[in-house]
Amino acid sequence: MKDTMNQARPDIIALASRLHAGQTDKAGHPYVGHLARVAARLVARWPDATRDELEAAWLHDSLEDTEATEASLLAAGVSAETIRIVQAVTRPHGSDYLAWIADLAAAGDISVLRVKLSDNADNSDPARVAQLPDGAARVASRYEPARRLLEDGLAKAGG
């Protein structure tokens, strides 16, 4: 049975906050705000989100943007399933973004697709995009095509 308690453990939120301490998003705001919004978007769209999905939303950029490793996350008490989701949504270095998104969509892992769609939704939020000099162009060229691929993958996976 899935753990559907859609509240992240406080220690996971604290870990995400520590890992991204001092980082800012492209608009200059504290990066942890992005993590909180991704988690909130996940629960808003999927009230049945599992705790692992929610904790992966908080940690989704930890392997890409911090010194965290799979081993350090495990040692910090992060579940193996949460780490699996985080690994899956971590873009491999040097990969083509849309090709990688297409691979995620084709794999059909509902948990991975939910977290990545929540991240995509925050990255393409009109209020945030308006704060960026290249916002509209970035959404049009990157996030909108990615969203379509991810939504299609989720539909095919039955999510």
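The values are calculated or read from the model by the stated rules, or taken from the named source; none is laboratory data. All of these numbers come straight from a predicted model, not from anything done at the bench. All Cβ positions, even for glycine, are placed from backbone atoms using ideal geometry, and neighbour counts span all protein chains on display.
For beta carbons closer than 7 Å, sequence separation of 6+ or different chains, a first residue in the stretch 131-151 that is at pLDDT 75 or above and a second that is among the charged types (D, E, K, R) and part of a helix (DSSP H, G or I), the qualifying pairs are L150/K116. Is it the case that A75 is closer than 20 Å to V32 by Cα and free of Cβ contacts under 8 Å to residues at least 12 places away in the same chain? Against the criterion (closer than 20 Å to V32 by Cα and free of Cβ contacts under 8 Å to residues at least 12 places away in the same chain), A75 does not qualify. One residue stands out in the stretch 82-134 among those that are more than 11 Å from the chain's Cα centre (by Cα), surrounded by 15 or more Cβ atoms within 10 Å (Cβ to Cβ) and among the hydroxyl-bearing types (S, T, Y): the one that is farthest from R45 (Cα to Cα), namely T82. Of the helices (runs of 4 or more DSSP H) contained entirely in the stretch 62-150, those carrying at least 1 residues that are among the polar types (S, T, N, Q) and touching an Asp or Glu at 6+ places or on another chain (Cβ under 8 Å) fall at 80-88, 110-123.
Summed over the stretch 6-33, the residues that are over 23 Å from G158 (Cβ atoms) and at pLDDT below 95 give a count of 10.
For the condition in contact with a Lys or Arg (Cβ under 8 Å, 6 or more places away or on another chain), small (G, A, S) and modelled with pLDDT under 95, S124 qualifies.
May I ask you to verify whether P30 is surrounded by 13 or more Cβ atoms within 10 Å (Cβ to Cβ), more than 12 Å from the chain's Cα centre (by Cα), over 20 Å from P92 (Cα atoms) and not basic (K, R)? The answer is yes for P30.
The set of residues in the stretch 17-42 being free of Cβ contacts under 8 Å to residues at least 60 places away in the same chain, of a type in the set (V, I, T) and either under 23 Å from L113 (Cβ atoms) or in contact with a helix residue (DSSP H, G or I) (Cβ under 7 Å, 6 or more places away or on another chain) (or both) consists of V32 alone. For R51, the conditions (1) without any contact (Cβ under 8 Å) to a residue 60 or more places away in the chain; (2) farther than 21 Å from L149 by Cα; (3) surrounded by fewer than 22 Cβ atoms within 10 Å (Cβ to Cβ); (4) within 12 Å of the chain's Cα centre (by Cα) all hold with the exception of (4).
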